Amino acid sequence: MKILVVGSGGREHAIVWKLKQSPKADKIYCAPGNAGIAQDAQCVPIGAMEIDKLVDFAKKEGIDFTVIGMDDPLVAGVVDAFEKEGLRVFGPRKNAAIVEGSKAFSKELMKKYGIPTAKYETFSDYEKAKSYVLGHDVPLVVKADGLALGKGVIICNTHEEAVAALDEIMVDKKFGKSGNTVVIEEFLTGPEVSVLSFCDGKTVVPMVSAQDHKRAFDNDEGLNTGGMGTFSPSRIYTKEINDECMEKIFKPTVAALANEGRPFVGVLYFGLMLTKDGMKVIEYNARFGDPETQVILPRLKSDLLEIMESCVDGTLDKMEIEWYNNAAVCVVEASGGYPVSYDKGYVITGLEEAAKRDDIIVFHAGTALKDGKLVTNGGRVLGITGIGKDIDEARKKAYEGVDIVDFEKKHFRHDIGIKKY
């Protein structure tokens, strides 16, 4: 089979890396890809949002199966465009991807179907939003309604911080149109867990759990980022909690979307928090998480391509999905200054040495080839994944990888995977 993966980050590298292991995968393309992905697939210079060009390429090259990695094209309707031309594509249609595209929509869906989540209100009027936050206890959480690269969520510990967040999102338009509407939520406390799941519109099959670290610096300090590291399995996610989530969250969500005429096909990401009142949904995403994918897919024993095809064909209930009984930890090597400002173009060393290890996998996120050398080309540059029998061993391997792979002004967190609960 000829396969096309759409995207350019560490998540897409992990997807390509796993698909390459399928005996059914004859040729893999990635649009636009990056320098690391180019070692596992043929990169095509088409942007993830150039939907017409992607469709034309798939038709011209006779692509048998396309996998959409990123959120923006999904929310924009890339799956609908592919399906209109009779092309097989993995991912939710535009009317289902709205669970990520609009936080207001997903909160209303949860409210309507009794899916546990934080109490909230939605505002499109700045003055009404300001009046609301000033009249309520803090802390509060202020969220931009639309896509914001994982950064449009601000935890406000004072009323001044809440007003400043509204100014940033609604007035200054830091996140563009995503901030036309805001969701203001009660502040929940407890450990967070990410559970990604395969869906075929009616059946939902959770993957192994993961936890990620969003803040830029150790001890969860600094600005929110797209993710500085992650580990799998979660230390707190038990079989009992999974059973509870299946009955109260996973199945009801997929059934709700189907009932609304928005059947969800693809990967539905549940961002969860274990509160004193049980598990609650913090957010939905409509695709594989980044960097969660970099620890989940190395633990997948089954053929990823076969699973994806079963989702598209509506036969997921007939799949037996197997996982390795191990653990994985991914430490993100970022450019110094991320997520604000940073330089690019630094030469990366140690990749060949790391490649000799079977307990370390290096996933490329922001890299490029310059004068025959791999160089940094983004905020998050690499995801160094360590594999071990448990989280502590996997963590040791990941940081051994971090020591091996180097570049100037490298920034990373030292506490990924450390037990906190």
TODO: Only residues that are touching a Ser or Thr at 6+ places or on another chain (Cβ under 8 Å), touching a residue at least 60 places away in the same chain (Cβ under 8 Å) and either farther than 26 Å from N259 by Cα or among the aromatic types (F, W, Y) (or both): list them for segment 53-103, please.
DONE: F90
Task: Selection count, segment 13-43, where residues are in contact (Cβ under 8 Å) with a residue 40 or more places away in the chain and either under 17 Å from V79 (Cα atoms) or of a type in the set (A, V, I, L, M, F, W, C) (or both) - done: 8
Task: Failed criterion for E247 (all others in (1) over 19 Å from I321 (Cβ atoms); (2) buried (at least 16 other Cβ atoms within 10 Å of the Cβ); (3) modelled with pLDDT of 95 or more hold) - done: (2)
TODO: Take segment 51-69 and flag every residue that is under 21 Å from the mean Cα position of the chain (by Cα) and more than 22 Å from L305 (Cα to Cα).
DONE: I51
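Taking the options K84, K18, K59, name whichever one is basic (K, R) and either at pLDDT below 95 or under 14 Å from F288 (Cβ atoms) (or both). It would help to see each step written out before you state the result.
Working: K84 fails: either at pLDDT below 95 or under 14 Å from F288 (Cβ atoms) (or both); K59 fails: either at pLDDT below 95 or under 14 Å from F288 (Cβ atoms) (or both).
Testing whether each residue is basic (K, R) and either at pLDDT below 95 or under 14 Å from F288 (Cβ atoms) (or both) leaves just K18.
Give the residues of segment 164-178 that are out of contact with any helix residue (DSSP H, G or I) (no Cβ under 7 Å at 6 or more places or on another chain) and surrounded by fewer than 17 Cβ atoms within 10 Å (Cβ to Cβ), sorted by residue number. Spell out the reasoning first.
Here is the first cut: in segment 164-178, the ones out of contact with any helix residue (DSSP H, G or I) (no Cβ under 7 Å at 6 or more places or on another chain) are 164-165, 167-168, 172, 176-178.
Residues satisfying the conditions are A164, D167, D172, G176, K177.
Have a look at V208, V183 and point out the one that is touching a residue at least 40 places away in the same chain (Cβ under 8 Å), over 22 Å from C156 (Cβ atoms) and open to solvent by less than 40 Å² (accessible area, probe 1.4 Å).
Values: V183 fails: over 22 Å from C156 (Cβ atoms).
The unique qualifying residue is V208.
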Task: Residue list for segment 262-285, restricted to those being closer than 23 Å to T66 by Cα, open to solvent by 20 Å² or more (accessible area, probe 1.4 Å) and of a type in the set (A, V, I, L, M) - done: V265
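Here is a yes/no grid of residues against (1) touching a Gly at 6+ places or on another chain (Cβ under 8 Å); (2) buried (at least 17 other Cβ atoms within 10 Å of the Cβ):
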{"site": "G388", "(1), (2)": "no, yes"}
{"site": "A398", "(1), (2)": "yes, yes"}
{"site": "V405", "(1), (2)": "yes, yes"}
{"site": "D415", "(1), (2)": "no, no"}
{"site": "K420", "(1), (2)": "no, no"}
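Going residue by residue through segment 9-16, is there one that turns out to be of a type outside the set (D, E, K, R) and open to solvent by 20 Å² or more (accessible area, probe 1.4 Å)? So that I can check it myself, show each step before the final result.
Going through segment 9-16, the residues of a type outside the set (D, E, K, R) turn out to be 9-10, 13-16.
Subsequent filtering for residues that are open to solvent by 20 Å² or more (accessible area, probe 1.4 Å) retains none.
Checked segment 9-16: no residue is of a type outside the set (D, E, K, R) and open to solvent by 20 Å² or more (accessible area, probe 1.4 Å).
Can you go through Y132, Y120 and tell me which one is at pLDDT below 90 and either closer than 30 Å to A76 by Cα or among the hydroxyl-bearing types (S, T, Y) (or both)? Explain how you work it out, then say what you get.
Working: Y132 fails: at pLDDT below 90.
Within the list Y132, Y120, the selection yields Y120.
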TODO: Being crowded, with 17+ Cβ neighbours inside 10 Å and either over 13 Å from G271 (Cα atoms) or free of Cβ contacts under 8 Å to residues at least 24 places away in the same chain (or both) is the filter here, so list the residues in segment 189-204 that pass it.
DONE: F198, C199, D200, G201, T203, V204
Open item on the list: Looking only at residues that are of a type in the set (F, W, Y) and touching a Phe, Trp or Tyr at 6+ places or on another chain (Cβ under 8 Å) in segment 318-363, which one is surrounded by the fewest Cβ atoms within 10 Å (Cβ to Cβ)?
Closed with: Y346
Open item on the list: Could you list, ordered by first residue, the pairs with Cβ atoms under 7 Å in which the first is in segment 332-344 and free of Cβ contacts under 8 Å to residues at least 40 places away in the same chain and the second is open to solvent by 40 Å² or more (accessible area, probe 1.4 Å), at least 6 apart or interchain?
Closed with: K344/N377
- [ ] List the strands (runs of 3 or more DSSP E) that sit entirely inside segment 184-237 and contain at least 2 residues that are at pLDDT 95 or above and hydroxyl-bearing (S, T, Y).
- [x] 192-200, 221-232
Task: Matching residues in segment 364-383 - criterion: being crowded, with 24+ Cβ neighbours inside 10 Å, polar (S, T, N, Q) and under 18 Å from D40 (Cβ atoms) - done: T367
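The values are calculated or read from the model by the stated rules, or taken from the named source; none is laboratory data. Small disclaimer: the values here were computed from a predicted structure and weren't measured. Glycine gets a Cβ as well: all are built from the backbone with ideal geometry, and neighbour counts include every protein chain shown. Heads up: the accessible areas ignore ligands, DNA and RNA and are worked out on the full protein's heavy atoms, side chains in. Shrake-Rupley method; radii C 1.70, N 1.55, O 1.52, S 1.80 Å.
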